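Notes for the one structure printed next.
The values are calculated or read from the model by the stated rules, or taken from the named source; none is laboratory data. Please read these numbers as outputs of a predicted model, since none were measured by experiment. Positions of Cβ are generated from backbone atoms using ideal geometry, with glycine treated the same way; all protein chains shown enter the neighbour counts. Only protein heavy atoms, including side chains, enter the accessible area calculation; ligands, DNA and RNA are left aside. Shrake-Rupley method; radii C 1.70, N 1.55, O 1.52, S 1.80 Å.
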Amino acid sequence: MKIEGVDVIITSPGRNFVTLKLTTSDGVVGLGDATLNGRELAVASYLRDHIVPLLIGRDADNIEDTWQYLYRGPYWRRGPVTMAAIAAVDMALWDIKGKVAGLPVYQLLGGRSRRGALAYGHASGTTVDALFIAIHNLLDDGFKAIRIQTGVPGLAKVYGVGNDQLAGQKYDYEPAGRTAVPIQEDWDTAAYLRHIPKVFEAVRAEFGAALPLLHDAHHRLTPNQGAQLGRSLEPFDLFWLEDCTPAENQEGLRRVRSQTTTPLAIGEVFNSIFDYQTLITEQLIDYVRSSATHAGGITGLRKIMDFAAIYQIKSGIHGPTDVSPVGMAAALHLDIAIHNFGIQEFMVHNERTLEVFQTSYTFIDGLLDPGENPGLGVELDESAAAAFEYTPAYLPVNRLLDGTMHDW
Ligand code: GCO
Ligand code: MG
């Protein structure tokens, strides 16, 4: 079975998504997600200009060989653009293999290891009162684990905090602004470190000891500050503290790890197993945060998770709305199949996105499931997609109060 058609489809139903569509000589269609938030066109060009010619006429059956061909073949390895492009090809090939076999992809990965994948939702509020409303809304929607982000006194806008919700409202947060250049936010680490433990104290007092709570520090702290935050949050028994330091300095995590028992999650900006080598072998983290979309697809992420499994490190696959429903489905098939599943991030896509991408995954009683449709279980409505043109959009940049550039 040969690959005959290769299309790169960009659509923007509220935010930009890049999708690869492969069509085989037998007419089987496979979809892959290649969305890299704020750098979408770079991956589209990598696919169109450098990968499409390699795929036409290639055997669609040999997924591992194609992965290795695209990883080793160009000489230049790794990197978010390359690995997102490889991911899209990989997912599309798994989708095709599932459709040909008449099986959902998780069956090809070894079958079911659990009834469903525990999901966590995002709750945020500019104040603690507003946060409580958001938590109640998520609990009403069935979420059994919740990420907590709040405003920080003195800062106008903080990562992870959307507009405050009313009771019964759905979470709606999109940090990428549809502007020609990124907007700017301000940051004050000392104010943040003073504030966050009080927020968790209030949430535990209101919602009890058992609710799994998570928090994302979004790469803003030094290792020592990360250690301080981890320690100050210990009484509130977090499920995890995410990205406490910029993750590319793996050694920095030794300091954090040696000072706190708060579980640590890292890796949404990583794209290869080598980014995790020290973190995994020295057991400096508890959860791997990569998405299938940014880490070389199902094949790439499966390699990372099997490596992590030896060290009792679990998955916490990245699932923001900047991963398309195709990327989300790929994550869910892995979640169900691997032994070392931890939790799955679930930010629900907006209605327009779900008209363009018709999904078959379900969210019932706190658990996600990829469904039983053959392949990944996501269809793309190309005419609906064509109605939403690419619009430049960028994540914010961040500066300290004195104007110094900082990590967003
Ligand atoms: C998360 C992430 C996202 C990122 C986003 C950037 O934990 O979900 O931190 O919200 O900011 O994916 O594109
Ligand atoms: Mg994060």
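Looking for something within 16 Å of ligand 2 (Cβ to nearest atom), in the same structural domain as T127 (by TED's automatic domain parsing) and exposed (fewer than 15 other Cβ atoms within 10 Å of the Cβ) - is there at least one such residue anywhere in the range 220-234? Scanning the range 220-234 turns up no residue that is within 16 Å of ligand 2 (Cβ to nearest atom), in the same structural domain as T127 (by TED's automatic domain parsing) and exposed (fewer than 15 other Cβ atoms within 10 Å of the Cβ).
Residue count for the range 357-384, restricted to those that are open to solvent by 10 Å² or more (accessible area, probe 1.4 Å) and among the aromatic types (F, W, Y): 2. Only a single criterion out of (1) more than 19 Å from the chain's Cα centre (by Cα); (2) away from ligand 1 (no atom under 16 Å from the Cβ) is not satisfied by A85, namely (1). Of all positions in the range 180-201, at least one carries a residue that is open to solvent by 10 Å² or more (accessible area, probe 1.4 Å), in a loop (DSSP other than H, G, I, E, B), among the β-branched types (V, I, T) and closer than 28 Å to E248 by Cα. Among residues of the range 316-329 that are farther than 17 Å from Y173 by Cα, those with a Cβ under 6 angstrom from a residue that is more than 12 Å from ligand 2 (Cβ to nearest atom) and assigned to a helix (DSSP H, G or I), sequence gap 6+ or separate chain, pair up as I317/A331.
When we screen H333, H339, H349 for residues that are more than 14 Å from ligand 1 (Cβ to nearest atom) and part of a loop (DSSP other than H, G, I, E, B), the only hit is H339.
Restricting to the range 387-408, give me the number of residues that are hydrophobic (A, V, I, L, M, F, W, C), under 24 Å from the mean Cα position of the chain (by Cα) and either away from ligand 1 (no atom under 15 Å from the Cβ) or not in a loop (DSSP other than H, G, I, E, B) (or both).
Step one: filter the range 387-408 for residues hydrophobic (A, V, I, L, M, F, W, C), giving 387-388, 393, 395, 397, 400-401, 405, 408.
After this cut, where a residue has to be under 24 Å from the mean Cα position of the chain (by Cα) as well, the list is 388, 393, 395, 397, 408.
Filter once more, so that each one left must be either away from ligand 1 (no atom under 15 Å from the Cβ) or not in a loop (DSSP other than H, G, I, E, B) (or both): 388, 397.
Matching residues across the range 387-408 total 2.
Does T150 satisfy the criteria of being under 17 Å from L400 (Cβ atoms), at pLDDT 95 or above and polar (S, T, N, Q)?
Values: under 17 Å from L400 (Cβ atoms): no; at pLDDT 95 or above: yes; polar (S, T, N, Q): yes.
Criteria not met by T150.
Could you say which residue among D129, D90, D95 is open to solvent by 10 Å² or more (accessible area, probe 1.4 Å) and either of a type outside the set (A, V, I, L, M) or assigned to a helix (DSSP H, G or I) (or both)? Only one candidate passes the filter, namely D129.
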